[in-house]
Amino acid sequence: MKIVLQVSGGIGKSIAATAICAAIMKQYPDAELIVLSGYPDVFAPNPNVAMSLSFNNLNYFFPQHIEGRDTKLFLQDPYHEEDFIYQRGHLIEVWCKMFGIPYNGELPELYLTSKEQTQYAPLFASNKPLLVMQTNGGVSPQGDKYSWPRDLPIGTAQKVVNAMAEQYNVAHIRRKDQLALQGAYPVHADFRALAVLIGMSTKRLFIDSFAQHTAAALGLPSVVCWVANVPSQFGYKMHTNIMAHDPTLRPEMRNSVFSRFNITGNVTEFPYRNEEEIFDADQLITTLREEPKTEIKKKQSEKNSGAAVR
């Protein structure tokens, strides 16, 4: 039997979906799992996934995988589920429930080959421990470079860099159309290289975007900042999750439909007097300087000629 899993949305959602792949294969161990997504590299070389295809390359998919075959289709989007909208469980849990798949606490998994690690690691060689930061998310091109419900205010992030740069080399994951930090070196690289970078880091400060899912998939506890979204729905208990301060102004809700705020950052919804009210930079610095939670990285079975690391 073949199973087709369709994963719409961004790269962070695709990383979270690797947990769904694991849950599916526990339920259907003899199935051939085909994943359709916008980020096929996330699922390679995952031993749970027989085939990872891009939405941009589905020629002859129906006659090859659907027509006349006993193919099970998991195509629904969990973001449309009532349990998700009412925040009745973690995204992964809701996703499994939607498909009738038992959820047993599966976490995201990334499989990095030894060749990837030896090829990409020299790009990030450092004479100091590495602090990796992701302060902005979203897709390109990005009109407004800052989304207040998701991103870390640039002034707050700069204070963190100023405090940590003497002890750490600060690698700032960002696209060229996103805000820069003084004293940090920007990293523009493909996803697999960025996963290696995160795996090399000593400290990590992230927002709710792909890097925090990547760190969870690698078993690396990180400090993660949250504004509109909540860690109980999108985060992981291994991380130190820091919630934004309560709003100081009454939120403008006229554009709210199925969530309280638009994650792209509608400026009319901004419920603070200024960006400095959202997070306490000193709290972030203190938390980063503390000993991290114990790493839970562990070896998986070595398949597809690579050292599989979660």
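The values are calculated or read from the model by the stated rules, or taken from the named source; none is laboratory data. Computed from a prediction, not measured in an experiment: that's the story for all the values here. So basically every Cβ, Gly included, is an ideal-geometry build from the backbone, and we count neighbours across all protein chains shown.
For (1) in contact with an Asp or Glu (Cβ under 9 Å, 6 or more places away or on another chain); (2) at positive phi; (3) at pLDDT below 95, each residue gets a yes or a no:
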residue	(1), (2), (3)
Val187	no, no, no
Ile198	no, no, no
Leu205	no, no, no
Gly219	yes, yes, no
Trp226	yes, no, no
Ser232	no, no, no
Lys237	no, no, no
Asp246	no, no, no
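For the stretch 29-50, give me the residue count where each residue is without any contact (Cβ under 8 Å) to a residue 24 or more places away in the chain and either under 24 Å from Ala189 (Cα atoms) or not assigned by TED's automatic domain parsing to the domain that holds Ile15 (or both).
1
So which of Leu53, Leu58 ends up being among the hydrophobic types (A, V, I, L, M, F, W, C) and part of a strand (DSSP E or B)? Even if it seems obvious, please write down each step before you answer.
Working: Leu58 fails: part of a strand (DSSP E or B).
Being among the hydrophobic types (A, V, I, L, M, F, W, C) and part of a strand (DSSP E or B) holds for just one of Leu53, Leu58, which is Leu53.
Given (1) within 19 Å of Leu107 (Cα to Cα); (2) assigned to a strand (DSSP E or B), identify the lone condition not met by Ala17.
The failed condition is (2).
Which residue, of Tyr86, Tyr60, is loosely packed, with under 12 Cβ neighbours inside 10 Å, more than 18 Å from Gln233 (Cα to Cα) and outside the structural domain of Val257 (by TED's automatic domain parsing)?
Residue meeting the stated conditions: Tyr60.
Looking for whichever is at pLDDT 95 or above and either of a type in the set (S, T, N, Q) or more than 22 Å from Ala215 (Cα to Cα) (or both) here; the options are Phe55, Phe43. Which one fits?
Answer to the selection: Phe55.
Within the stretch 241-281, can you find the residues that are surrounded by fewer than 15 Cβ atoms within 10 Å (Cβ to Cβ) and within 22 Å of Pro292 (Cβ to Cβ)?
Answer for the stretch 241-281, where residues must be surrounded by fewer than 15 Cβ atoms within 10 Å (Cβ to Cβ) and within 22 Å of Pro292 (Cβ to Cβ): just Met243.
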